[in-house]
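Every read-out reported here was derived from the displayed coordinates using simple, explicitly stated rules and does not represent laboratory data. All of these numbers come straight from a predicted model, not from anything done at the bench. Neighbour counts are summed over all protein chains in view; Cβ atoms, including those assigned to glycine, are modelled from backbone coordinates with ideal geometry.
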């Protein structure tokens, strides 16, 4: 089967959203499909991280221009408006320019030229199906246009939910209503709908019962990396690591932030951790937020906030750490889950009950799971216990082989291909 893959996040973009599409394109080719990738020529560098990565060998990749990138501009406009309102003792509760201009999201500038180029690629290469990786959800709109223009079947892959199950506290009711209309349109037009967790699948089926037979869970999984030599020794200081987005939104996010940072403050006051024997390493765009939060809780000397680094460097740091802090937004399964288990690093998981908790309990017996039922004292006790276990060489190992037998990206891709071949073939004969 020939498939056009519409993926905004794709090399040279190195954001975590690119990992899934790269793996799909690589393994599609390995197992007999012919992928053709269409990505963005001028990504919004105020929102995305562009590095030196290249597409997998042998995967034809073309790029189309976004006619406008709005993230940086809208941020500046919002800041200017906030300064004006401040003179009148008023405060903006959300970015009104975003509400007014950006549907379904601020990547809509990528839609026109990508639709044109995608149509040409489909006709020139006799493409059988269209695959779209979302977010951005403007990509789903491209997929709908391409389906209507070329009559090809459409596979939509939501790496995260769009509307269902997500609380957008800073969205107006108008924005929510319009984007819910978009979501209904996307799901109506999709011939196959993929999500990355069983909880997300159930939520979408509950909201839209008619999509049950075309909705499937394909977990993100993990691609084993062989180039991590020399990174097996743990840091001299007991190290808890966190990488990527801190999920500083959604219900209870502040509860989990309090639990963690209050636990560090408690342990510091008790003399159990000091700057000489402990560090919390953070890598990500929110390093300034982490620095300010650590200062507010009085643990600044224990926290090392850093900006983003290359993916392999992150993996090396995870491998050298003693615990990996895990946070999630309900329905989403962070890719950090699929990195920590294969690297044999236990989690300090401050998460709600549910699917992620079940996976950790099954494959990571040394991990510590703290839910909204726990307090910061429980988090502090977990950290102390982990320090003692490492000191006495008693930390339980993750069940790496069992995990990889189910959750490699190669296995996930094969599963997806089998589902697609079955469902799309059915659709073509009806």
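Structure notes:
- Helix axis angle, 409-429 relative to the chain longest principal axis, alpha carbon, degrees: 30
- Largest first and in whole Å, the equivalent-ellipsoid semi-axes of the stretch 87-168 read 33, 15, 7, each the square root of five times a Cα gyration tensor eigenvalue.
- Distribution of pairwise C-alpha distances over the stretch 184-311, 5 Å bins, in %: 2, 8, 13, 14, 13, 12, 12, 10, 7, 5, 3, 1
- On the basis of the beta-carbon distance and an R0 of 45 Å, residue 2 and residue 270 show a calculated FRET efficiency of 0.10.
- When the chain is treated as a GNM with alpha-carbon contacts under 10 Å, the residue of 27, 63, 247 showing the greatest mean-square fluctuation is 247.
- Computed over the stretch 238-406, the ratio Rg/Rh where both radii use C-alpha atoms and Rh is Kirkwood: 0.93
- The ranking of 157, 223, 358, 126 from fewest to most other beta carbons within 10 Å of each one's beta carbon is 126, 358, 223, 157.
- Folded to 0 to 90 degrees: helix 17-30 orientation relative to the chain principal axis, Cα: 60
- Residues considered: 52, 357, 339. Largest GNM mean-square fluctuation over the chain, using C-alpha springs under 10 Å, is found at 52.
- Long-range Cα-Cα pairs in the chain (distance over 34 Å), rounded percent: 35
- Helix 173-189 axis versus longest C-alpha principal axis of the chain: approximately 60°, rounded to the nearest ten.
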